[in-house]
Structures are given as structure tokens and as C-alpha cells.
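For reference, the structure is listed below as C-alpha cells.
The values are calculated or read from the model by the stated rules, or taken from the named source; none is laboratory data. From a predicted model like this one, the values you see are computed outputs, not experimental measurements. All Cβ positions, glycine included, derive from the backbone under ideal geometry; neighbour counts span all protein chains shown.
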Amino acid sequence: MIIEATLTGLTIAVAALAVVLVRMSRRFNAVVEALKESQEDVAHLKADLGALCKSSVGAGDHVVKLEHQVNRLLERQTQTEMRTSNDRPYSAAVQLVQQGANADELIEKCGLTRGEADLIAMLHGSVAKAS
């Protein structure tokens, strides 16, 4: 009877161990599967990150090129504005001379120097008189 009780106890213990081992095996397999999925996710994320880095470098180069273009355009615009603003007194002076103004009026109205006013009056005053 003691042997039977011992055998029954051992059988129950072995069965309990088997149940525990099956549960642990299932948990282990689940953890292994989750680890594989995580590793795949990490691999995809690494690939995505690499693509983002490459595209950001390309975008950075593009931004630098655009900045250079904008700077060149701003310089050209400034030069054009300077030329236009510098030409305005002369254009206005030519029109005034063609309407009969003299060098003194050009100095006063257009802010020209004596030499500039005399030159414009000589060049364009004769055109007005000849026409």
C-alpha cells in the first residue's frame, strides 16, 4: 500500500511536471515567435531608416542648391534695382531736356551733378532742337 501510494504520488508528480513542461514549452515557443517578429520589425525599421537617411541627404543637397539659386536671384534683383534706380534720374533728365529744360533745372529736379546735367543737355537738347 505504501508502494502504491508512493507510485500514485510519483505518477501525479510526473503528470504535474508534464503539464508544467507543456505550458513552459508553449510559452517558450510563443516568446521565440515574438522574438522572431520583433527581429523582422527591427530589420524593416533599419531599412526604412536607411532609406530616410539617404533621402534626407538628397533633400539637404537640394535645399543647398535652392539656397544658392535664391541668393543668385537676390543678387541679380538687387543689381537690376540699382541699375533701374540709377537710370531713373537720367531718363527723367532726358525727358525734361526734350521738353526744354536747361542744365540748372536738371541739377535741381534730378539731383545730377553739373557735368551730368551739362552732358545730358548737350546730347539731348540738340535732338529736341533738331526735331
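Is the range 81-92 home to any residue that is assigned to a helix (DSSP H, G or I), at pLDDT below 90 and β-branched (Val, Ile, Thr)?
Yes - at least one qualifying residue is present in the range 81-92.
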*Just checking, which of Leu96, Leu106, Leu112 is surrounded by 10 or more Cβ atoms within 10 Å (Cβ to Cβ), in contact (Cβ under 8 Å) with a residue 12 or more places away in the chain, of a type outside the set (S, T, N, Q) and not in a helix (DSSP H, G or I)?*
Leu112
_If I filter the range 3-17 for residues that are surrounded by 10 or more Cβ atoms within 10 Å (Cβ to Cβ) and among the charged types (D, E, K, R), do I get at least one hit?_
no
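Among Ala59, Ala47, which is modelled with pLDDT of 90 or more and assigned to a helix (DSSP H, G or I)?
Checking each option against the conditions leaves just Ala47.
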*Within the range 53-75, can one find any residue that is over 30 Å from Ile120 (Cβ atoms), of a type in the set (Asp, Glu) and loosely packed, with under 10 Cβ neighbours inside 10 Å?*
no
